[in-house]
Structure formats: structure tokens, C-alpha cells
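K.L.:
My questions all concern the structure below.
Only the coordinates and a few stated rules stand behind these numbers; no lab work does. As the structure is a prediction and not an experimental result, all values here were calculated from the model. Cβ placement follows ideal geometry from the backbone for every residue including glycine, while neighbour counts extend to all protein chains displayed.
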Amino acid sequence: MMFSCDEAKYDLDNPYDPENMDMDAPALFFHPPEIRAYLGESISVELYGYKLNPAAAAHLEILYDWGSVKVDSVVPGPFFTGENDPVEIVMDADGILDVFLYYLPDTDADQNEGGTWSLVKIYFTTLSKGESELVYGTNTQLRNANNNALNIKDYGKGFISVE
């Protein structure tokens, strides 16, 4: 009796996979990158890191159309979770959302392992019809345990379309 193994072949055709987004790693992007919603609807988007180096802290500056959407809440993702939940500080003013995340060291580590993970999830309520854009601001940065800035090569954009 003979057994034959053929390797499975998969089409990596999901446009939301980082490999299909034409981004150079390490990168930050929005997931999903495009959201279609109705007026008055609650929606969410995750701020993702793609092949990030180990980090101990982040300042995520998100620019958004504050006449089109309202920030309801921000929840830390698994990227900065260790033995403890991360420290999170959120400031929201006139279309600029600043999220500061700090990894709380445990007995084994003073920074995370990096990789591709969600940093935070933002919940919005739609306020007006039309198109609006989500953009990472110039103050966005990640730092390692030695307080050195991590290199981010690419920043994705997000879009919200409200009917």
C-alpha cells in the first residue's frame, strides 16, 4: 500500500490579510480598512500592528472626522497584554484621538514579544452621512523597554462610509 502526500494549495486572496495590503513591515493599519454603516449605528475598528518588534509602550494618534463619528470607548487589544492588563490613557478632542498604552512588566519580561496583533479596538457611533477617513497621525510611535523608538515603515488608512 502506498500513500501520497500532496501539499495543500491555498489562495491567499483575503484583501484584509496584511500580506495582501501592499504594506512593508513593520506597519500599522486599521482592521477592517473599510466600514459601511448606517446613520446612528455603533461600529468598531481595530488598530493593528503588522510584524512589529517587541514594544513596551505606544502613543497612537488617530485623526478622524469628528463631525461624522463620535468615539464611544477604546479597549486595549492583546498586543500589550502580559501577566497584567496594560495601562491605558485616552484623550479625545476635536477629531484627534490619543491613546497611550504601557506594557506592565511581569517577573519574566519588560516588553512584549512583538508580532502581528491588535493594539486597541475603538468603538464609534456614526453621526452624519458621507465618507470619512481614519489616519495615523505624525505623533504615533512605539517604544521598546529601553525607550528607543521602533521603526514603522508603513501606515494604513481606514475609511468609514455612512448611508
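K.L.:
Among 143, 36, which comes first, second and so on when ranked by fewest other beta-carbon atoms within 10 Å? Kindly include the intermediate steps, with their values, before the conclusion.
P.N.:
On the way: 143 17, 36 12.
Placing the least packed residue first, the sequence is 36, 143.
K.L.:
For the charge dipole of the chain, defined by +1 on Lys and Arg C-beta atoms and -1 on Asp and Glu C-beta atoms about the Cα centroid, which residue among 150, 76, 126 has the Cα displaced farthest towards the positive pole?
P.N.:
The Cα lying farthest towards the positive end belongs to 126.
K.L.:
Given a 10 angstrom Cα cut-off, can you work out which residue in 65, 106, 24 is the most mobile in a GNM of the chain?
P.N.:
The residue with the greatest mean-square fluctuation here is 106.
K.L.:
Explain nothing, just the number: dipole magnitude of the chain about its Cα centre with +1 on each Lys and Arg Cβ and -1 on each Asp and Glu Cβ, in debye rounded to the nearest 20.
P.N.:
Values: 9 positive and 28 negative charges, 57 e Å.
It comes to approximately 280 debye.
K.L.:
Along the positive direction of the dipole of the chain (beta-carbon charges: Lys, Arg +1; Asp, Glu -1; about the Cα centre), which of 112, 161, 31 reaches farthest?
P.N.:
161
K.L.:
Regarding the range 111-152, what is the average projected area of its C-alpha convex hull, in nm²? Provide the component values of the computation, followed by the final result.
P.N.:
On the way: hull surface 18.5 nm².
With every direction weighted equally, the projected area is 4.6 nm².
K.L.:
Okay, next question. Rank the residues 91, 23 as a footprinting-exposure proxy: fewest other Cβ atoms within 10 Å of their Cβ go first. Mind showing how you got there, number by number?
P.N.:
Numbers: 91 10, 23 17.
Fewest to most other Cβ atoms nearby, the residues stand as 91, 23.
K.L.:
If you plug each phi of the range 93-104 into the Karplus form 6.51 cos²θ - 1.76 cosθ + 1.60 with θ = phi - 60°, what whole-Hz ³J(HN,Hα) values come out, in order, with x for Gly and Pro?
P.N.:
The phi angles translate into 8, 6, x, 10, 9, 10, 10, 10, 10, 10, 6, 8 Hz.
K.L.:
Evaluate Rg over Rh across the chain, taking Cα atoms for both radii and Kirkwood's formula for Rh. Provide the component values of the computation, followed by the final result.
P.N.:
Working: Rg = 18.0 Å, Rh = 16.9 Å.
Checking Rg against Rh, the ratio lands at 1.06.
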